[in-house]
Amino acid sequence: MTASITVDGLTRRFGGFLAVDRVQFEVGRGEIFGYLGANGAGKTTTIRMLTGLLAPTSGDAVVAGHAVSRHPEAVKQAIGYMSQRFSLYPELTVHDNLAFFGGAYGMWGAALRVRIEEVLERVDLTGHGPTRTAALPGGMRQRVALASAMLHRPDVLFLDEPTAGVDPFARRRFWALIRSLAASGTTVFVTTHYMDEAEYCGRVGLMVAGRLPALDTPAGLKRTHVPGRLWSIRGAGQASALLAALPGVLEVQTMGAGLRVRIAADASWDAASLAARLPGSTAISEEEATLEDVFLAVVSADAQRAGTARAVGAP
């Protein structure tokens, strides 16, 4: 794998608060790399270091061939960055916003005008150049922000919560754009707290309390952290204790009026045999694990690790 991003022990402290704790990973060229975590987990702090906006306390990273600790300005020129806060000027037209950002990257004249039309076509906004940015709906404004980030043809594109606050249809269109960029060779590093979006990523890293305890493909994460088979059981009443006592049952969760049961892969239970053990009328169906299941499992395991470390006085 040819790495576009190499992260080695990246750490950031704010006074006594450890925001990012010795993070380490690589991102390949043309890969869509997802960075997941709850608010405050360290996602944005990591991305600000990788984009040259924030100096690491220790460790380092090489992004598009430049070390972020020594050459942050070179990193900024080599990448595209779309922040989670809307960064365009709402009173300017779409065209004027893109012209402003193009000028910041040393683009001008006829070449810039041609490139603006190219990116507007790429993000499906042809003809919207004269529109005042504030007049666009949220999903279209996000596409203008993406257009500004990719205007100078960066090798690496950082997207920090790019679909926050937009409707599901706009989110799907935005991810279609992301996949097309990656298919053309652009490396995409995206942070999100939408677990369903992470399914589109080639690999996913899960941040918890500044650490990166899990990193793999979506399928690999599910195999590792949510092993076995999942069953949804409706109308089971107070059967959670009964199910938990069955051999091979790994976990029983209450989900509204029903239950969600995780059973070891080698256990012999199926829908019919489960129904035979349950009182009353039930509806039982097998379902796939999700990245939300993975996230909850990783957070729970990390909390147990932290609790054990505190109990024995470890750092």
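Computed from the coordinates by the stated procedures, all read-outs in this text should not be read as laboratory data. Quick caveat, the model's predicted, so the values are computed rather than measured. All Cβ positions, even for glycine, are placed from backbone atoms using ideal geometry, and neighbour counts span all protein chains on display.
How much of the DSSP beta bridge set in the stretch 112-215 is antiparallel, as a percent to the nearest 5? Counting only bridges with both partners in the stretch 112-215, antiparallel ones make up about 40 percent. Between GLU288 and ALA135, the contour length at 0.36 nm per residue exceeds the Cα-Cα span by 51.0 nm.
Taking 0.36 nm per residue of separation and subtracting the Cα-Cα distance, full extension of the segment from ASP167 to ARG29 would add 46.7 nm.
Label sites at ALA64 and SER268, each approximated as a point 7 angstrom past Cα along Cα to Cβ, lie 6.0 nm apart. In terms of surrounding Cβ atoms within a 10 Å radius of their Cβ, MET207, MET195 rank from fewest to most as MET195, MET207. When the Cα centres of the stretch 142-157 and the stretch 166-239 are compared, how far apart do they sit, in Å? Each part's Cα centre sits 23 Å from the other's.
Distance from the Cα centroid of the stretch 8-36 to that of the stretch 42-73 is 9 Å (rounded to whole angstrom). Each of LEU112, LEU159, ILE47 was placed along the dipole of the chain (beta-carbon charges, centred on the mean Cα), and the one lying farthest toward the positive end is ILE47. With R₀ fixed at 41 Å, the C-beta to C-beta distance from VAL114 to HIS193 puts the FRET efficiency at about 0.65.
Considering helices alone, the calculated mean residue ellipticity of the chain at 222 nm is -10500 deg cm²/dmol, with DSSP H runs of length four and up weighted by -39500 (n - 2.57) and normalised per residue.
Panel values: the stretch 89-158, Kirkwood radius from alpha carbon pairs, Stokes-Einstein at 20 °C and 1.002 mPa s, translational diffusion coefficient 181 µm²/s.
Short-range pairs are left out: with C-alpha atoms under 8 Å and at least six residues apart, the relative contact order of the stretch 193-235 is 26 percent. For the chain, taking the reciprocal of the average inverse distance between every pair of different Cα atoms yields a Kirkwood hydrodynamic radius of 21.8 Å.
Computed over the stretch 76-130, the range of Cα coordinates on each principal axis works out to 27, 22, 20 Å, biggest value leading.
Whole-Hz Karplus values for the stretch 126-139 come out as 4, x, 9, x, x, 6, 5, 4, 4, 7, 7, x, x, x Hz, taken residue by residue from phi with 6.51 cos²θ - 1.76 cosθ + 1.60 and θ = phi - 60°; glycine and proline positions read x.
Residue-wise HN-Hα couplings along the stretch 190-204, as the Karplus relation 6.51 cos²θ - 1.76 cosθ + 1.60 with θ = phi - 60° gives them from phi, are 10, 9, 7, 10, 8, 5, 5, 5, 5, 4, 7, 7, x, 9, 9 Hz; Gly and Pro carry x.
Stokes-Einstein diffusion of the stretch 227-288 at 37 °C, 0.692 mPa s viscosity, Kirkwood radius from Cα pairs, rounded to a whole number: 291 µm²/s. Distances between placed amide hydrogens fall under 5 Å for ARG22 paired with THR11, ARG12, all partners being 5 or more residues away or on another chain. Counting every other Cβ atom within 10 Å of each residue's Cβ, GLU287, GLU292 order from fewest to most as GLU287, GLU292. I'd like the Karplus ³J(HN,Hα) series for the stretch 98-106: coefficients 6.51, -1.76, 1.60, θ = phi - 60°, whole numbers in Hz, and an x wherever there's a Gly or Pro. Rounded to whole hertz, the list is 5, 5, 4, 5, x, x, 5, 9, x. Just so you know, the Rg over Rh for the stretch 107-214 is 1.00, from Cα atoms, with Rh as the Kirkwood radius.
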